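Here the structure comes first, spelled out in structure tokens, and everything after it is commentary.
The values are calculated or read from the model by the stated rules, or taken from the named source; none is laboratory data. Quick caveat: nothing in here was measured; it's all calculated off a predicted structure. Please note: Cβ atoms are built from the backbone with ideal geometry, for glycine as well, and neighbour counts cover all protein chains shown. Quick note on the areas: whole protein, heavy atoms, side chains included, nothing else; ligands and nucleic acids left out. Shrake-Rupley method; radii C 1.70, N 1.55, O 1.52, S 1.80 Å.
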Amino acid sequence: MGLTGILHTGLTVSDLDRSIAFYRDLLGLELITQWDSSQPYLRTVVGYPDAELRIALLRLPAPDGAPGHHIELLEYRRPRGSRGDANTYNPGNGHVAFMVDDLAATYAQLRARGVRFKSAPVDITHGRNAGGKAVYFFDPDDITLEMIQPARHA
């Protein structure tokens, strides 16, 4: 196939400034850059000949100095979209999972700052993450996000 890695995860948002504040100020991602684009190549790639986008690139730095995974936030200024049904069971809806060291503490901090969750953290009892903990939560556009605390192995 020729695939060699994953460069970034792109998320379409309704208000780039609000989403940057959420991912940077609440979740701790680093804002790398942001720009506006209506470049002909981008219009072709996204399939909208009149597309105008505001874009931001953020990352969660890896502890070992590696570049970390990038999150690309895209606000379509034109054409303007509307949110479809965000229920996680609907095809086409994905989620991004973040790893944390202390899920209970992170959950409490984010909840105190108004972040919405599907539940309290739960113990993972089956599968490759058994022994860990997980919780789903939402960004300002109801994009589903997940936090996982890996199992502690001796």
Of residues in segment 107-141 being part of a helix (DSSP H, G or I) and free of Cβ contacts under 8 Å to residues at least 60 places away in the same chain, the one least open to solvent (accessible area, probe 1.4 Å): 107
Residue selected from segment 62-83 under the condition touching a residue at least 24 places away in the same chain (Cβ under 8 Å) and open to solvent by 50 Å² or more (accessible area, probe 1.4 Å), by the criterion farthest from residue 131 (Cα to Cα): 78
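Does residue 107 count as more than 30 Å from residue 149 (Cβ to Cβ) and either in contact with a Cys (Cβ under 8 Å, 6 or more places away or on another chain) or of a type in the set (Phe, Trp, Tyr) (or both)? Explain how you work it out, then say what you get.
Working: more than 30 Å from residue 149 (Cβ to Cβ): no; either in contact with a Cys (Cβ under 8 Å, 6 or more places away or on another chain) or of a type in the set (Phe, Trp, Tyr) (or both): yes.
No; evaluated as a whole, the condition is false for this residue.
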Filter pass, residue 31 being touching a residue at least 40 places away in the same chain (Cβ under 8 Å) and within 30 Å of residue 103 (Cβ to Cβ): no
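If a residue must be of a type in the set (D, E, K, R) and free of Cβ contacts under 8 Å to residues at least 24 places away in the same chain, how many such residues does segment 39-61 contain? Reasoning before the result, please.
So the first thing to find is which residues in segment 39-61 are of a type in the set (D, E, K, R), and the list is 43, 50, 52, 54, 59.
Okay, now just the ones that are also free of Cβ contacts under 8 Å to residues at least 24 places away in the same chain, so 43.
Counting residues in segment 39-61 that are of a type in the set (D, E, K, R) and free of Cβ contacts under 8 Å to residues at least 24 places away in the same chain gives 1.
Output the residues belonging to segment 47-59 that are open to solvent by 40 Å² or more (accessible area, probe 1.4 Å) and within 20 Å of residue 17 (Cβ to Cβ).
Residues of segment 47-59 open to solvent by 40 Å² or more (accessible area, probe 1.4 Å): 47-50, 52, 59.
Answer for segment 47-59, where residues must be open to solvent by 40 Å² or more (accessible area, probe 1.4 Å) and within 20 Å of residue 17 (Cβ to Cβ): 52, 59.
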Residue among 104, 151, 86 that alone is open to solvent by 60 Å² or more (accessible area, probe 1.4 Å) and out of contact with any Leu (no Cβ under 6 Å at 6 or more places or on another chain): 104
Close pairs from segment 1-28: first in contact (Cβ under 8 Å) with a residue 12 or more places away in the chain and closer than 12 Å to residue 56 by Cα, partner assigned to a loop (DSSP other than H, G, I, E, B) and open to solvent by 60 Å² or more (accessible area, probe 1.4 Å), Cβ under 8 Å, at least 6 apart: 8/69; 9/69; 12/81
